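Visitor: Take a look at this one; I'll ask things after.
The values are calculated or read from the model by the stated rules, or taken from the named source; none is laboratory data. If you're wondering where the values come from, they're calculated on a predicted model, not measured in any experiment. In this analysis, Cβ positions are derived from the backbone assuming ideal geometry, glycine residues included, and neighbour counts consider all displayed protein chains. In case anyone asks, the SASA skips ligands and DNA or RNA and just uses the protein heavy atoms, side chains included. Shrake-Rupley method; radii C 1.70, N 1.55, O 1.52, S 1.80 Å.
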Amino acid sequence: MGEPTVVVAVDIGTTSTKAVAYDTGGRQVVAHSHGYPLNEPHPGYAEQDPQVIFDAVVQSIRAVVAELPGPVAGLSFSSAMHSLIGLDPDGTPLTPSITWADSRASSQAERLRALPSGLTIHRRTGTPIHPMAPLPKLVWFAEQEPKLFEQVAHWVGIKDFVLRWLAEALVTDHSVASATGLMDIHQLAWDAEALGIAGITEEQLPQLVPTTHVLPGLTAEAAAATGLPADTPIVVGAGDGPLANLGLGAVHPGEVACSIGTSGAMRVMVERPGVDPLGGVFCYALTENRWVVGGAINNGGIVLQWAGEALAPELGEHAEEKLLELATQAPVGSGGLIMLPYLLSERAPHWSAVPRGAYVGLTHGHRREHLVRAALEGVCQQLALVLTSVRAAGNEVREVRASGGFARSPLWRQILADALGMPVRFPAGHQGSSFGAALLGMQALGLIESIDVAADLVEIHETVRPDPAAAATYATLLPLFSELYDALVPTFSSLRRLAPSLPPEPPPAALPS
């Protein structure tokens, strides 16, 4: 028997942790996942129990290891970005894990964004000043929970917390750190000004390490719990966004990864960090010479789900196929109807928690099919705005690869290609963050020469080309779509100000994962 060539990727997501064993040929061997709730105890809160997530990590690894016929070369990690947990000196959580979807720090974020240094901090740290990010969350804790804030010995993310208990190491990788708003992406060091605004010290944060950093092994307790030898190497890994690019094979400059699940994202691989002058994009690390520039949107498949519940409740649950069939009956451009799909506020490229959804252009002639199609078009137009910001950051866009649940719909695939005005390539299967984590781990452990092999391992199943007439229609509508945001911001702000005096808003049916 030769050396083990199987790496177990552990992807810590918002709704579940998935452990997947891959061999060096890119083949998935075994996979297991364990879910957990996203708690919403108050409006705007979206938090989780770190211990529940840690238990799910251990259970997922153990289930995979139990089915593998041979040894494991190592573990490699991916995780959702922007989480924040306060720990006491012993590593016990004093707070829940405050997820990216938590918007309690909206006021703090808007205030910080308005500072003269707001855009400067964004461009230096790569992270937009938005309630998703740990920087405004820390300001919220300092202002709203000052006694608890003073008791916290260390502030960490969810992956940092898991590694703390698996390997007794208090570390965070450059990728996850680049999404905190606290690290200078050009120096790969904690940013003194951002830490000063947050009211914390460098000693309260984990040690910064490369994404390929290898921890030598597991604690005895973790080894027993996972079923792995104690000397199993652990590759610290990266954030799920950059790893999704890697998992799609979009590893070279100019290659864009687009995903539409419940939410959505658009990211291009670049060789040097940088943010556009207007701050429309983020910039997150993958390795020292691979970064992703792009933006995430809150409203992807959740918009179709809402359309089913609000516009066609008689179709029942899981009515997506019928809704999409209905949308095919409306013309390109939905008869002049535009939807701003900001049902769960929005992130890129405006990075504000203020906006709400809106239909504009309604006439007596519009029917349900127009409203549903306009919702799909709104999601794709929002991604087109993100792509515009990616280009504004000085990045070439040569190719788009897409994945996510939307890819099952021929209509939605075509609308995306038409809205972007360029071909969209769809890889076979759903190689995502877990595959990216496995490839990064294989490189770190010397099992493959470079993560560049991803481009060869990911097979393209279909290429959807834009229809020239449809693409021209969307190109004409895109400036109007963009202008509507600016035109309605005063209205959105007034609605937010009036909210306490109005009847309460209905709670959202679901938060994006």
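Visitor: Among the residues of the range 66-75 satisfying the criterion of being touching a residue at least 12 places away in the same chain (Cβ under 8 Å) and over 22 Å from Asp240 (Cβ atoms), which is most open to solvent (accessible area, probe 1.4 Å)?
Guide: Applying the filter and picking the extreme gives Glu67.
Visitor: Does Leu323 meet the test of being of a type in the set (A, V, I, L, M, F, W, C), open to solvent by less than 20 Å² (accessible area, probe 1.4 Å) and under 19 Å from the mean Cα position of the chain (by Cα)?
Guide: no
Visitor: In the range 453-485, which residues are open to solvent by 80 Å² or more (accessible area, probe 1.4 Å) and modelled with pLDDT under 95?
Guide: Answer for the range 453-485, where residues must be open to solvent by 80 Å² or more (accessible area, probe 1.4 Å) and modelled with pLDDT under 95: Asp456, Glu459, His461.
Visitor: Does Thr219 satisfy the criteria of being at pLDDT below 95, farther than 26 Å from Met183 by Cα, open to solvent by 10 Å² or more (accessible area, probe 1.4 Å) and not basic (Lys, Arg)?
Guide: no
One line per residue, one yes/no per condition, for (1) crowded, with 22+ Cβ neighbours inside 10 Å; (2) in contact with a helix residue (DSSP H, G or I) (Cβ under 8 Å, 6 or more places away or on another chain):
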{"residue": "Thr24", "(1), (2)": "no, yes"}
{"residue": "Val52", "(1), (2)": "no, no"}
{"residue": "Asp55", "(1), (2)": "no, no"}
{"residue": "Phe77", "(1), (2)": "yes, yes"}
{"residue": "Ile98", "(1), (2)": "yes, yes"}
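Visitor: Continuing with this model, one more query. Which of the residues spanning the range 230-252 are open to solvent by 10 Å² or more (accessible area, probe 1.4 Å) and farther than 22 Å from Ala177 by Cα?
Guide: Ala230, Asp231, His252
Visitor: For residues that are in contact with a Leu (Cβ under 8 Å, 6 or more places away or on another chain) and of a type outside the set (Gly, Ala, Ser), scanning just the range 30-56, find the one that is nearest to Pro69 (Cα to Cα).
Guide: Per the criteria, the residue is Val30.
Visitor: Taking Leu495 as the residue in question, decide whether it is assigned to a loop (DSSP other than H, G, I, E, B) and more than 23 Å from Val372 (Cβ to Cβ).
Guide: The answer is no for Leu495.
Visitor: Another question, then. For a quick check of your reading of the model, give me the residue pairs whose first member lies in the range 32-52 and is of a type in the set (Phe, Trp, Tyr), whose second is surrounded by 18 or more Cβ atoms within 10 Å (Cβ to Cβ) and part of a loop (DSSP other than H, G, I, E, B), with beta-carbon atoms closer than 7 Å and at least 6 apart or on different chains.
Guide: Tyr45/Asp102; Tyr45/Arg104
Visitor: Are any residues in the range 265-292 among the acidic types (Asp, Glu) and open to solvent by less than 10 Å² (accessible area, probe 1.4 Å), and if so, which ones?
Guide: Of everything in the range 265-292, just one residue is among the acidic types (Asp, Glu) and open to solvent by less than 10 Å² (accessible area, probe 1.4 Å), namely Asp276.
Visitor: Something else about it: For Leu75, all conditions in the list (1) in contact with a Lys or Arg (Cβ under 7 Å, 6 or more places away or on another chain); (2) under 24 Å from Ala19 (Cβ atoms) hold save one; what is the number of the exception?
Guide: Among (1) in contact with a Lys or Arg (Cβ under 7 Å, 6 or more places away or on another chain); (2) under 24 Å from Ala19 (Cβ atoms), Leu75 violates only (1).
Visitor: Can you list the helices (runs of 4 or more DSSP H) found entirely within the range 359-470 that contain at least 3 residues being among the charged types (D, E, K, R) and on the phi < 0 side of the Ramachandran plot?
Guide: Fully inside the range 359-470 and qualifying: 368-392.
Visitor: Sticking with this structure for a sec: Does Val30 satisfy the condition of being open to solvent by 10 Å² or more (accessible area, probe 1.4 Å) and touching a Ser or Thr at 6+ places or on another chain (Cβ under 7 Å)?
Guide: So Val30 does not fit the description; no.
Visitor: Something else: Which condition number in (1) in contact (Cβ under 8 Å) with a residue 24 or more places away in the chain; (2) open to solvent by 20 Å² or more (accessible area, probe 1.4 Å); (3) under 24 Å from Thr14 (Cβ atoms) is the one that Gly295 fails?
Guide: For Gly295, the failing item is (2).
Visitor: With the requirement that a residue be outside any helix (DSSP H, G or I) and either of a type in the set (Lys, Arg) or on the phi < 0 side of the Ramachandran plot (or both), what does the range 296-328 give you?
Guide: If the condition is that a residue be outside any helix (DSSP H, G or I) and either of a type in the set (Lys, Arg) or on the phi < 0 side of the Ramachandran plot (or both), then Ala296, Ile297, Asn298, Asn299, Gly300, Ala312, Glu317, Ala319, Thr328 are the ones that fit.
Visitor: Scan Ser450, Ser493, Ser403, Ser433 and give me the residue that is of a type in the set (Ser, Thr, Tyr) and closer than 30 Å to Gly336 by Cβ.
Guide: Exactly one of Ser450, Ser493, Ser403, Ser433 is of a type in the set (Ser, Thr, Tyr) and closer than 30 Å to Gly336 by Cβ, namely Ser493.
Visitor: If a residue has to be in contact with a His (Cβ under 8 Å, 6 or more places away or on another chain) and part of a strand (DSSP E or B) to count, how many in the range 263-286 make the cut?
Guide: Of the residues in that region, 2 qualify.
Visitor: Could I ask something else about it? Going by the structure shown, is Ala312 more than 23 Å from Ala454 (Cα to Cα), touching a residue at least 40 places away in the same chain (Cβ under 8 Å) and open to solvent by less than 10 Å² (accessible area, probe 1.4 Å)?
Guide: For Ala312, the condition - more than 23 Å from Ala454 (Cα to Cα), touching a residue at least 40 places away in the same chain (Cβ under 8 Å) and open to solvent by less than 10 Å² (accessible area, probe 1.4 Å) - is met.
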